[in-house]
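The values are calculated or read from the model by the stated rules, or taken from the named source; none is laboratory data. If you're wondering where the values come from, they're calculated on a predicted model, not measured in any experiment. FYI the Cβ positions are ideal-geometry reconstructions off the backbone, even for glycines, and counts take in every protein chain you see. What goes into the accessible areas is simple: the full protein's heavy atoms, side chains included, and nothing from ligands, DNA or RNA. Shrake-Rupley method; radii C 1.70, N 1.55, O 1.52, S 1.80 Å.
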Amino acid sequence: DLPRGYSSQIKDLLTFQEARNTFLATMDESDDEILIVNKEGLILELNRKIIHLVGGTRESYIGRDWGGLRNDLYGESARRCLKMVIEVGLPVSETHFDQGPDKQIQKFQIVVYPLKDRAGVIQGLIIVRRNITSKINIEHKLELAQKTAAVSNYSAYVAHEIRNPLTAIGGFAKRLHE
């Protein structure tokens with residue numbers, strides 16, 4: 001038997017562990033790259049997407065400075081975002097271009113969120129990098145389709161406006177000829 005009070009502490013610990021496992025599973029299922037660092041820049045957590053890109057294991061990165069990942073994946077954009085988040089205490093977003101595994105230029109959005117304690121002091125940061133290349137391509141194709149549709153509608157309008165007077169003139173010419 002456990003001394004009084006310990007069973008509730010163990011229950012709280014198990015509940016916390018379940019919540020942590022759920023959080024990690026959710027992070028790992030994301031298509032985005034998610035990195036959590038403390039205010040000193042040490043990695044607290046990262047998701048499978050990052051591990052897939054850089055190799056290694058989750059455990060090999062926990063507690064390490066995120067500088068290596070920053071240079072490999074995030075470059076100067078993340079450094080600027082982090083600095084701004086620390087200065088203003090609000091989330092900051094920036095887009096940047098990077099070369100993908102297929103050597104094609106891809107567009108990424110980096111969003112840095114502050115992790116604050118109950119007093120509002122920043123204790124860490126959540127860094128999310130999302131590949132928005134396909135979204136941009138789809139938006140571009142949609143815009144092109146809308147422009148093409150507009151040109152098509154305008155062409156039909158012009159053709160109609162020309163055809164009507166020509167039909168009338170042709171009808172008058174036929175009557176005059178009769």
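Remark: spin-label model distance residue 146-residue 90 equals 2.7 nm, labels positioned 7 Å along the Cα→Cβ axis. Here's the thing: no lysines lie within a cross-link span of residue 49, going by alpha-carbon distance under 16 Å and ignoring same-chain residues fewer than 8 apart. Amide H contacts of residue 47 (H built 1.01 Å from N, in plane; Pro and chain starts excluded): 34 sit under 5 Å, all sequence-distant by 5 or more or on other chains. For the chain, the relative contact order works out to 16 percent when only alpha carbon pairs closer than 8 Å and six or more residues apart are counted.
In the context of the full set of protein chains, segment 29-178 has a per residue accessible area of 68 Å² (1.4 Å probe).
Between residue 133 and residue 178, the modelled label-to-label distance comes to 6.8 nm, taking each label 7 Å out from Cα in the direction of the beta carbon. Note on residue 156 and residue 39: the model spin-label points, each 7 Å out from Cα along the C-beta direction, lie 6.3 nm apart. These residues, 40, 161, 45, go from largest to smallest accessible area, 1.4 Å probe, as 40, 161, 45. Phi-derived couplings, Karplus 6.51 cos²θ - 1.76 cosθ + 1.60 at θ = phi - 60°, listed residue by residue for segment 148-155: 5, 4, 5, 5, 4, 5, 5, 4 Hz, with x used for Gly and Pro. Computed over protein heavy atoms with a 1.4 Å probe, the carbon and sulfur contribution to the accessible area of the chain reaches 57%. Within the shell defined by Cβ-Cβ distances under 13 Å, the residues around residue 149 carry a net charge of +1, with Lys and Arg each +1 and Asp and Glu each -1.
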